[in-house]
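These notes are about the structure you will find just below.
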Amino acid sequence: PGEEWDKAIKRELASADIIVLLISADLINTDYIWDIEMKEAMERHDRGAATVIPVIIRPCMWETAPFGKLNALPEKGVPVEKWSDRDEAWTQVVKRIKQVL
């Protein structure tokens with residue numbers, strides 16, 4: 001509370017080793033995320049300064065986005081929302097992120 005969110009986001013993006021993207025149409029359609037956060041995240045990933053991990057939450061056209069070249073979670077980029085057991089999907093996401101750590 002009381003912190004300027006824009007400065008906080010930029011500071012965290014600049015220092016993160018792992019950047020987890022929670023992907024949905026809402027994320028893809030938000031100009032600030034697309035123009036500021038996504039650009040910084042992917043630039044850091046491409047330089048090897050951070051690892052970007054896309055987690056597909058809901059169906060959307062993520063494959064054509066800049067992060068579409070990355071392996072997504074859960075398995076094969078099937079959206080969490082489409083899993084019959086969402087707890088299983090989230091468990092897989094956590095296990096795979098822990099492997100990266």
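The values are calculated or read from the model by the stated rules, or taken from the named source; none is laboratory data. Quantities reported herein were computed from a predicted structural model and do not represent experimental measurements. Neighbour counts are summed over all protein chains in view; Cβ atoms, including those assigned to glycine, are modelled from backbone coordinates with ideal geometry. Protein only, heavy atoms only, side chains kept; ligands, DNA and RNA dropped before computing areas. Shrake-Rupley method; radii C 1.70, N 1.55, O 1.52, S 1.80 Å.
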(request) Give the residues of region 1-26 that are touching a residue at least 24 places away in the same chain (Cβ under 8 Å) and of a type in the set (A, V, I, L, M, F, W, C), sorted by residue number. (result) Ile9, Leu13, Ala14, Ala16, Ile18, Ile19, Val20, Leu21, Leu22, Ile23, Ala25
(request) Starting from region 41-69, take each residue that is of a type in the set (S, T, N, Q) and list its partners that are surrounded by fewer than 17 Cβ atoms within 10 Å (Cβ to Cβ), counting only C-beta distances under 8 angstrom and pairs at least six apart or across chains. (result) Thr51/Asp17; Thr51/Ile18; Thr51/Val100
(message) I need the full set of residues from region 70-89 which are in contact with a strand residue (DSSP E or B) (Cβ under 9 Å, 6 or more places away or on another chain) and hydrophobic (A, V, I, L, M, F, W, C), in order please.
(response) Leu70, Ala72, Leu73, Val78, Val80, Ala89
(request) Confirm whether Lys76 is in contact (Cβ under 8 Å) with a residue 12 or more places away in the chain and open to solvent by 50 Å² or more (accessible area, probe 1.4 Å). (result) no
(request) Filter region 34-73 down to the residues that are under 11 Å from the mean Cα position of the chain (by Cα) and aromatic (Phe, Trp, Tyr), then identify the one that is surrounded by the fewest Cβ atoms within 10 Å (Cβ to Cβ). (result) Phe67
(request) Evaluate region 85-101: report whether one residue or more is surrounded by 15 or more Cβ atoms within 10 Å (Cβ to Cβ), modelled with pLDDT of 95 or more and in contact with a Gly (Cβ under 6 Å, 6 or more places away or on another chain). (result) no
(message) For region 15-33, which positions are closer than 17 Å to Gly68 by Cβ, aliphatic (A, V, I, L, M) and either touching a His at 6+ places or on another chain (Cβ under 6 Å) or open to solvent by 20 Å² or more (accessible area, probe 1.4 Å) (or both)?
(response) Val20, Leu22, Ala25, Leu27, Ile28, Ile33
